[in-house]
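Here's the structure, in structure tokens; my notes come after.
Nothing in this text is a laboratory measurement; each read-out follows from the coordinates by a stated rule. On a predicted model such as this, the values are computed, not experimentally measured, just so you know. Here the Cβ is made from the backbone with ideal geometry for all residues, glycine too, and neighbour counts use every protein chain on show.
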Amino acid sequence: MKTLAIDIRRADGNDAEAIAEVHHQAWLGAYSGIIPHRALTRMVGRRGSQWWKNAVKRAANVMVIEIGGEVVGYATLGRNRARQLPQQGEIYELYLKPEYQGIGLGSRLFSAARKQLRSHGLKGLVVWALEENTNALSFYEGMGGRDVAEGVEVFEAKALRKIAFAWN
Ligand SMILES: CC(C)(COP(=O)(O)OP(=O)(O)OC[C@H]1O[C@@H](n2cnc3c(N)ncnc32)[C@H](O)[C@@H]1OP(=O)(O)O)[C@@H](O)C(=O)NCCC(=O)NCCS
């Protein structure tokens, strides 16, 4: 039997192409049928490898999870953007390639991202998820998050509700 090493680390410019691929597959997988097709295609198209190269370079905090040297997921994190919430940190995005979902990698990446926020002195964290993304809601509930707020995001005139989960 082959043993594949799992590694979670900060992303660098060389990961840009792999992250773009994860982003593409994970977003189409998670949001097809939820976000209107045209808006989704446009959002995915905007985030090619050059976009990710810049994101990593701009010191955006991007982490990747690798299995046997292949990047299969990423997370982006930083300061909480919602002023009305007291938590200081936020995981902006957490995505895995569809074939790597449901085997415990998301929880590992989430814990690593949480630790990273804490190490930057940020207390507490929030994550937003679209209400129709029921897998994500179950995941964040399973990770012990409390739903603390809701909001609305508009995609091509379609308003979608989103929920904030918080950890203190
Ligand atoms: C959401 C996501 C990051 C979760 O990562 P994952 O690796 O699939 O989840 P894990 O295997 O680590 O599961 C951890 C726990 O979450 C819960 N969970 C995960 N997926 C679930 C699902 N589809 N339905 C119900 N519960 C689920 C379970 O409680 C699980 O606990 P268990 O170990 O007791 O079964 C991943 O599935 C993903 O990338 N999904 C598509 C993109 C997305 O929706 N991202 C979030 C955007 S806000």
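Observations
- Summing +1 for each Lys or Arg and -1 for each Asp or Glu among the other residues whose beta-carbon sits under 12 angstrom from that of Leu160 gives -2.
- Compactness index (Cα Rg / 2.2 N^0.38 Å), the chain: 1.01
- Inter-label distance, Asn135 to Ser119: 2.8 nm, where each label sits 7 Å from its Cα along the C-beta direction.
- Candidates Val64, Gly33, Met43 compared by Cα position along the dipole of the stretch 18-92: farthest toward the positive end lies Met43, with charges placed on Cβ.
- Stretched out straight at 0.36 nm per residue, the stretch from Val154 to Asn14 would grow longer than its current Cα-Cα span by 47.1 nm.
- Partners for Lys162 among aspartates and glutamates (Cα-Cα distance below 13 Å; same-chain residues under 8 apart left out): Glu131, Glu132, Asp147, Glu150, Glu153
- Charge dipole of the chain about the Cα centre (unit charges at C-beta), most positive-ward option of Asn80, Ala149, Asn14: Asn80
- Nearest-20 debye value, the chain charge dipole, Cβ charges on Lys, Arg, Asp, Glu: 580 debye
- Other-chain or far-sequence residues with amide H under 5 Å of Gly145's (modelled H): none
- For the stretch 122-168, the normalised intensity computed at q = 0.17 Å⁻¹ comes to -0.48 (log10 of I(q)/I(0), Debye sum over alpha carbons, equal scatterers, no solvent).
- Restricted to Cα atoms, the stretch 1-71 shows a radius of gyration and a Dmax of 13.8, 44 angstrom.
- Mean residue ellipticity, 222 nm, helices only, the chain: the sum of -39500 (n - 2.57) across DSSP H runs of n ≥ 4, divided by residue count and rounded to 500, is -11000 deg cm²/dmol.
- Karplus-derived 3J(HN,Hα), 6.51/-1.76/1.60, for each residue of the stretch 50-58, Hz, glycine and proline x: 5, 4, 6, 4, 5, 4, 5, 5, 5
- Taking Cα centre as origin and charging only the Cβ of basic (Lys, Arg, +1) and acidic (Asp, Glu, -1) residues, the dipole magnitude of the stretch 46-119 rounds to 440 debye.
- Per-residue packing, averaged as other Cβ atoms within 10 Å, sorts the ranges 65-78, 149-162 into the order 65-78, 149-162, beginning with the highest.
- Extension reserve of the Arg46-Ile34 stretch, reckoned as 0.36 nm per residue once the Cα distance is removed: 2.4 nm
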